[in-house]
Amino acid sequence: MSDALKTKIADVFNEPGCAKNAAKGDKERKKGCSKPLTPGAAAGGCAFDGAKIALQPITDVVHLVHGPLACEGNGWDNRHAASSGPTLYRLGATTDLTETDIVMGNGEKRLYRAIKEILARYAPAAVFVYSTCVPALIGDDIEAVCKHAAAKFGTPVIPVNAPGFAGSKNLGNKLAGEALLDHVIGTMEPETSTPYDINVLGEYNLSGELWQVKPLFERLGIRLQACITGDARYRAVASAHRARVNMMVCSTALINVARKMEERWGIPYFEGSFYGIEDTSTALRTTARMLVERGAPADLLQRTEALVAEEETRAWDRIAPYRPKLTGKRVLLYTGGVKSWSVVSALKEMGMEVVGTSVRKSTAEDKERVKAIMGDDLHMVDSIPPRELYAQLKEAKADILLSGGRTQFIALKAKMPWVDINQERHHAFAGYDGMVELVRQISLSLFNPVWGDVRRPAPWERDDPVPAHTATSAA
Amino acid sequence: MAVIVPSRKGYAVNPLKSSAPLGAALAYLGIEGAVPLLHGSQGCTSFALVLSVRHFKEAIPLQTTAMDEVATILGGTDNLEEALVNLKTRMKPKFIGIASTALVETRGEDFEGDLKTILRRRSELDGTKVVFASTPDFHGALEDGWAKAVTAIIAALVEPRSPGADAFRQVNLLPGIHQTPADIEALRQLIESFDLHPVILPDLSGSLDGHVPDRYVSTSFGGTPLEAIAPMGRALHTIAIGEHMRAPALALRDKTGVPATLFPTLTGLEPCDRLVTLLSRLAGKPAPQALRRQRSQLVDSMLDSHFHFSGKRMAIAADPDLLYCLSMAVSGMGAEVVAAISSTANSPLLDRIPAERVIVGDLADFEDEARAAGAELLITHSHGRQAAARLGVPLMRAGFPIFDRLGAQHRLTVGYVGTRNLLYEIANIVQGEIHEPRPGDFSPSPRIIVEESGHVCETASAC
């Protein structure tokens, strides 16, 4: 690993904007926040995975992975980050390093040639080049290759230095943010600027969720300068430094970007969420307040209140019919981060009982919120081993599991309803409409007649075998 | 017959291949009570895991040695040891299959020597069989990884045949990675219908066939029992499917002396007939009545469906053996393979593919070739969906991964019944595209006359 990357990682770990980090002592902070992984008991993606997740939604660029096949070949086209226009970002491009390339040290040459051919064939707004473990190990200098290619061909070529073995997915998110700070944000000027311009950071437009909230901002006259990076265009991200306020959606992912944009361009930021009705309202209110503080006309506040009141009423009216059906149903929520509490409030509003919510990826602040909403921390769980999760569901300690794809089959094999609320999901759950949709999906899942059918014992498992005479006379 | 040409690009766009360690992991999952372990960064496992889950719609037990940068530079033995011990404690597997990745192979270590030391030193690993296969991502693809894992299992676990031992009425079956759980199940039944006892290595039909156990199982559930692997040497014969299974078949033959027959494909009337002939000879029995009826049904389906193949321009992209299997099947019905893309060049069968040329490339090459040749049907895995949408040509999904259609594991395409299924599936897609004739269809401008390309029947190559 290059010294530059080491410094970068140390810098990212020493993030003053991170609440968890701020609470640490000097010595502890110096160690960084990478938890050592346990061989044979590790789960989750690598730093490269995290970097790709954070940047891939930029739609009008080519994402080129420099490495042997597996890094891109096993992982491309696997998320539903939606685009309103260009589809170039869905291209799975890789230098597909072979043994000869590695032995002969041809990696850099191969990368340069790939960039050249990609620019000629696809004419992208930019090329993002991702380093992976093997080129990092053999010392390929992707920054130099990118710099040279950019100068030679006159198109931005952005090095993303987050090889998998540098650490976790979360670290990769942050290193992707650093690449944007170092090479993209602030390199172009927007065509127009208004006092109502904001950026949304850490929203990836999975299943089109951005489009559930963008119209809300638009109705208030608030303009999305850039979403970093859901449905983004390169130019919008490059001119994001002219926005007035940053909203940070996924708190741990791009906090370094938010803080450094404040430092460099004086853009204040806040952390908010579009999951849950109250949270959406709070996000809109905070955005409006901060824009007004930065000089937007004050009537924005009243207009926001009016919109919030209208939308909340409309959402609750649409949710109300589900309430009698859902009251008393027990939910196990296995996710993390903001969703550990933002979804809880909506479920409680439905009269549902939350029998557990996991806080394994949540911050101290998230945990406080869970406590406040649930009344105590009795049902706050860290991680649940798969075997135990299965047992809980099998013994019907919950009626439904809300989680991500990783635990999907634990629920299904226990013949229990399951709704996907993580990144691979196909339904959009953001904003007011999203929460209505989530309640609808929970209801559909809980009351699907399939459960009764699949749980019925097989004929040979029944305690009361069919008497012989009925067996012969029936049908 | 076909000319083999490498892709002209200096990079890959829209990869056709999945990596070798993933192929090895899938083979290991065909062993009962197994946990595959990828020796590499946690991302190597994570990507492979997610992709397998998307294909099989099952929880896949797949672990990692979680190599970080320091471990890579200093050497990964400690991580390997820790991973094995942790796996044993947490999941109690009967079998752990290790596959190396590009990361650890780039540094290079004596993995097998280190593994021996670890197994000697750590008595808590006793009772669990541990196998290692070298499968760097930068060499080959799924087929290569799968074959290396099977070879490693044979080398480590099959016992040499004791001299003078009588052959049992047993037939060893070494399926390739292009066989689905349904294919394997059908072959098992076929072998059993001759009163022969099949031992299948690896056997995904038990472990990845999508079933609901009544308890939580953290390892693979079903698959080849370890007890069945050791005595593979008592079989009458070994049947291997796909050219990539040649090395495992040879390893088994050399270790046990059991003669082996390699079938490049078991899709199509002629190869199925050869398999039935072989089984009949081994069993000393005529083919059962039910099988004769299946053959007759296949012949009928060929007669009924050949209209929809005749002169149809088809583009196929797959790993070498699957490419061979599919292109032989469709060209044998009168279709023309106008584009043939192979993920790797690691197969001597490529030049026998019934196409003018075979490009070793990716799905961008596939799309370009299919467009240029005016293909009317695309056949490849789910990643071909983008190309199909852009070209406006229907896509038949085949191979790995298939993540946007359900039931990939239950799709049967070998034997008389499987061939019949496949022909109907393709013919129905082609039929679905037929449009009402318009006056313009009969314009006086000269139409391109497509010459039907001949096809060559493969003869069983005994190895």
Report task. Scan region B:380-423 for residues that are open to solvent by less than 40 Å² (accessible area, probe 1.4 Å), of a type in the set (A, V, I, L, M, F, W, C) and either touching a His at 6+ places or on another chain (Cβ under 7 Å) or under 29 Å from B:CYS272 (Cα atoms) (or both) and jot them down. Result -> B:LEU395, B:MET396, B:ALA398, B:PHE400, B:ILE402, B:PHE403, B:ALA408, B:LEU412, B:VAL414, B:VAL417, B:LEU422, B:LEU423
Query raised in the report: Quick one: which helices (runs of 4 or more DSSP H) sit completely within region A:40-127 and have at least 3 residues that are at the interface with another protein chain (Cβ under 10 Å from one of its Cβ atoms) and within 27 Å of the chain's Cα centre (by Cα)?
Result: A:47-55, A:70-73
Query raised in the report: How many residues are under 26 Å from the mean Cα position of the chain (by Cα), within 13 Å of chain A (Cβ to nearest Cβ), in a loop (DSSP other than H, G, I, E, B) and surrounded by fewer than 24 Cβ atoms within 10 Å (Cβ to Cβ) if we restrict to region B:92-144?
Result: 3
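A quick yes/no check of all residues on (1) free of Cβ contacts under 8 Å to residues at least 60 places away in the same chain; (2) buried (at least 17 other Cβ atoms within 10 Å of the Cβ); (3) within 22 Å of B:ALA147 (Cβ to Cβ):
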{"residue": "B:LYS285", "(1), (2), (3)": "no, no, no"}
{"residue": "B:GLN289", "(1), (2), (3)": "yes, no, no"}
{"residue": "B:ARG295", "(1), (2), (3)": "no, yes, no"}
{"residue": "B:SER301", "(1), (2), (3)": "no, yes, no"}
{"residue": "B:GLY311", "(1), (2), (3)": "no, no, no"}
{"residue": "B:ALA318", "(1), (2), (3)": "no, yes, yes"}
{"residue": "B:VAL330", "(1), (2), (3)": "no, yes, no"}
{"residue": "B:GLU356", "(1), (2), (3)": "no, no, no"}
Query raised in the report: Within region B:34-51, how many residues turn out to be touching a residue at least 40 places away in the same chain (Cβ under 8 Å) and open to solvent by less than 10 Å² (accessible area, probe 1.4 Å)?
Result: 9
Query raised in the report: Scanning region B:57-90 for residues that are over 18 Å from A:GLY167 (Cα atoms), at the interface with chain A (Cβ under 7 Å from one of its Cβ atoms) and not aliphatic (A, V, I, L, M), which turns out most open to solvent (accessible area, probe 1.4 Å)?
Result: B:ARG90
Query raised in the report: Hey, any hits in region B:22-41 for a residue that's in a helix (DSSP H, G or I), within 9 Å of chain A (Cβ to nearest Cβ) and more than 18 Å from A:ALA41 (Cα to Cα)?
Result: yes
Query raised in the report: Would you say A:LEU307 is among the hydrophobic types (A, V, I, L, M, F, W, C), more than 20 Å from the chain's Cα centre (by Cα) and either part of a helix (DSSP H, G or I) or at pLDDT 95 or above (or both)?
Result: yes
Requested in this report: Answer yes or no as to whether A:GLY276 is of a type in the set (Gly, Ala, Ser) and touching a strand residue (DSSP E or B) at 6+ places or on another chain (Cβ under 6 Å).
Outcome: no
Requested in this report: Please list, ordered by first then second residue, the pairs with beta carbon atoms under 8 Å, 6 or more apart or interchain, first in region A:379-392 and closer than 11 Å to A:THR407 by Cβ, second of a type in the set (Lys, Arg) and modelled with pLDDT of 75 or more.
Outcome: A:TYR390/A:LYS413
Query raised in the report: If you go through region A:154-182 one residue at a time, how many are in a helix (DSSP H, G or I) and open to solvent by 10 Å² or more (accessible area, probe 1.4 Å)?
Result: 6
Query raised in the report: How about region A:128-137: which of its residues are buried (at least 24 other Cβ atoms within 10 Å of the Cβ) and facing chain B (nearest Cβ under 7 Å)?
Result: A:CYS133, A:VAL134
Query raised in the report: Only one of (1) of a type in the set (Lys, Arg); (2) at pLDDT below 85; (3) not in a loop (DSSP other than H, G, I, E, B) fails for B:ARG420. Which number is that?
Result: (2)
Query - Test set (1) surrounded by fewer than 19 Cβ atoms within 10 Å (Cβ to Cβ); (2) farther than 19 Å from B:ALA20 by Cα; (3) at pLDDT 80 or above - A:SER83 fails condition number - result: (1)
Report task. Would you check which residues across region A:411-446 are modelled with pLDDT of 90 or more and β-branched (Val, Ile, Thr) and list them? Result -> A:VAL419, A:VAL436, A:VAL439, A:ILE442
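The values are calculated or read from the model by the stated rules, or taken from the named source; none is laboratory data. Only a predicted model underlies this, so the values are computations on that prediction, with no experimental measurement involved. Note that we place each Cβ from the backbone using ideal geometry, even for glycine, and neighbour counts take in every protein chain shown. All accessible areas refer to the heavy atoms of the entire protein, side chains included, with ligands and DNA or RNA removed. Shrake-Rupley method; radii C 1.70, N 1.55, O 1.52, S 1.80 Å.
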